Structure formats: structure tokens, C-alpha cells
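Q: Structure provided below as C-alpha cells; questions to follow.
The values are calculated or read from the model by the stated rules, or taken from the named source; none is laboratory data. If you're wondering where the values come from, they're calculated on a predicted model, not measured in any experiment. As a convention, Cβ positions derive from the backbone with ideal geometry for all residues, glycine included, and neighbour counts pool all protein chains shown. We work out accessible area using only protein heavy atoms, side chains counted, and drop any ligands, DNA or RNA first. Shrake-Rupley method; radii C 1.70, N 1.55, O 1.52, S 1.80 Å.
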Amino acid sequence: MKRVVFVICGGPIGELAFLQTERERHRPVGLICADGGARHIHALGLTPDLIVGDMDSLSGELQRDFVMKGSRIIRYPETKDETDSELALQMAFMMTPDEIRIYGALGARIDHTLANLTLLAAAADRGIKTRLLDEWCEIILVRQAAVIEGEIGQTVSLLAFGADVKGVTLEGFEYPLSNATITLARPIGVSNRLTAARGIISMESGNLLVIRYFKAGHFPEGA
């Protein structure tokens, strides 16, 4: 069975029922919270295996409650180089998972969202399949090739991450590409759509962020 670890960050998740359904579907072997992410878990009546961070977003009362229930807490000073989410991801790496799924990492503060996107690069460097999720979408980082499994009509956007992405070829998309270049200055991969249950991506170089929306034609309010 695939070993899946959940990392729960402190940002918005949306309906908590989404997170509960995800847990039931993937049966994670590890549940790690980045500081205030433990509040999401508390709201579901669950107990994380580990809470990590400077604890500036989690009350002392909740900390004590989790410890009594068996959670381990690793505290870091508020002045540190890493974000709480990065520290939580590092702990997830130590569990040698096949896949890491990160929740509560999108929305709210844009600087935190952008920093959380870089977690995908750190995981890719280790060869660990990792994605950021909320109730609306999932985000992965593609190097060389990937197969996007979804439903016909789902919106999929592809963005260069860090540098231009060269030699991009798309199959199974409404707007196919052949040996194209997606640049930081010209994001031609935004708002594509799947025309098959599997979209195939190949590329020669670069890092490609791929965002797949779960409901065809439905997006967060204001999008």
C-alpha cells in the first residue's frame, strides 16, 4: 500500500468535510501539522502525530490537550530561517513516504502561498510525489513529464516556475502544444482544459507548475 503523509498548514482549507474525505480516501500513515494547522485537525476531532513550529498560532490550551492525547510537539524559536510549513515538510521527509499531500497552504497571505509553492521544488529534489491542495484545486510541480488524471472539461493551468520552461508538449488538452516555450513573461498555459481523462505533459527543461481545478467551470469566488 502506498505510504501517504498529510501535512496540514495554517491557511484556509475550506469545508472541513473536504479534509475528512481526503483522510478517509488516502488513509495517511502520518499526520503532521505546521503550528496553527493543528486547529483544523482539532475541529475534526482528530489528533496529529506531530505538531511543529514556533507555536505562535496555537494556544497553550490546545497544545496541552494534544500532548495529553499523544501528539508530539517540536518547538522552534520565532526567529528562524525556515517557515513552519517547511519544517513540517522536513519532518514528513523523515517518514520516507511515497506521497505527501499538503493542505492549508493556499490562500490568505500571498507571501506564504508563494513560499509554500517552493515546497514542491524541495520535494521534487528528493523524488517524492507531493501536491498542495484545497477544496478547489491541486497543484503539482512537473519536471520532464507527467500524466494529469482528471475529468473532461476540468481547467488545468500550466505556469513556468523560476525560469522559462522549454520543449513543452501537451496531449489530451483543448489547447495542445508541441515543443513550445512557456515563459515567465508570457504565461500561455493559463486556463487550458482537459479533453480526455488523461492529459500528457512532456518537456525538455525547467519547472512547470500545474494547477488542476476539480469542478469543471467552477472556481473560487472572485476568480
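Q: Can you pull out every residue in the stretch 105-120 that is in a helix (DSSP H, G or I) and more than 11 Å from the chain's Cα centre (by Cα)?
A: Selection gives Ile110, Asp111, His112, Leu114, Ala115.
Q: Could you tell me whether the stretch 172-188 includes any residue that is charged (D, E, K, R) and not in a loop (DSSP other than H, G, I, E, B)?
A: No, every residue in the stretch 172-188 fails to be charged (D, E, K, R) and not in a loop (DSSP other than H, G, I, E, B).
Q: Here is a further query. Tell me yes or no: at least one residue of the stretch 74-84 is within 16 Å of the chain's Cα centre (by Cα), closer than 23 Å to Pro97 by Cα and surrounded by 15 or more Cβ atoms within 10 Å (Cβ to Cβ).
A: yes
Q: Show the residue pairs meeting these rules: Cβ distance below 8 Å; 6+ apart or different chains; first residue within the stretch 148-166 and open to solvent by 50 Å² or more (accessible area, probe 1.4 Å); second residue among the basic types (Lys, Arg).
A: Taking only residues 6 or more apart or on different chains, the pairs are Glu149/Arg198.
Q: Please name all residue pairs, on different chains or six or more residues apart, with Cβ atoms under 9 Å, provided the first residue is in the stretch 190-203 and is on the phi > 0 side of the Ramachandran plot and the second residue is loosely packed, with under 15 Cβ neighbours inside 10 Å.
A: Ser191/Tyr175
Q: Return yes or no: is Glu138 of a type in the set (Asp, Glu) and open to solvent by 40 Å² or more (accessible area, probe 1.4 Å)?
A: Considered against the rule, which asks whether it is of a type in the set (Asp, Glu) and open to solvent by 40 Å² or more (accessible area, probe 1.4 Å), Glu138 comes out as no.
Table: residues versus (1) aromatic (Phe, Trp, Tyr); (2) open to solvent by less than 30 Å² (accessible area, probe 1.4 Å); (3) at pLDDT 95 or above; (4) touching an Asp or Glu at 6+ places or on another chain (Cβ under 9 Å).
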site: Ala17; (1), (2), (3), (4): no, no, no, yes
site: Arg27; (1), (2), (3), (4): no, no, no, no
site: Gly30; (1), (2), (3), (4): no, yes, yes, yes
site: Ala34; (1), (2), (3), (4): no, yes, yes, yes
site: Ala38; (1), (2), (3), (4): no, yes, yes, no
site: Ile51; (1), (2), (3), (4): no, yes, yes, yes
site: Asp56; (1), (2), (3), (4): no, no, no, yes
site: Glu61; (1), (2), (3), (4): no, no, no, no
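Q: Right, next: Of the residues that make up the stretch 179-194, is at least one at pLDDT 95 or above, surrounded by fewer than 15 Cβ atoms within 10 Å (Cβ to Cβ) and more than 21 Å from Leu117 (Cα to Cα)?
A: Yes; the residues of the stretch 179-194 include at least one that is at pLDDT 95 or above, surrounded by fewer than 15 Cβ atoms within 10 Å (Cβ to Cβ) and more than 21 Å from Leu117 (Cα to Cα).
Q: A further question follows. Only residues in the stretch 55-78 that are without any contact (Cβ under 8 Å) to a residue 40 or more places away in the chain count as the first member; pair them with residues that are surrounded by fewer than 14 Cβ atoms within 10 Å (Cβ to Cβ) and β-branched (Val, Ile, Thr), Cβ under 8 angstrom, at least 6 apart or cross-chain, and list the lot.
A: From the stretch 55-78, the pairs are Ile73/Val67.
Q: Still on this structure: In the stretch 201-218, is there at least one residue being surrounded by fewer than 15 Cβ atoms within 10 Å (Cβ to Cβ) and among the polar types (S, T, N, Q)?
A: yes
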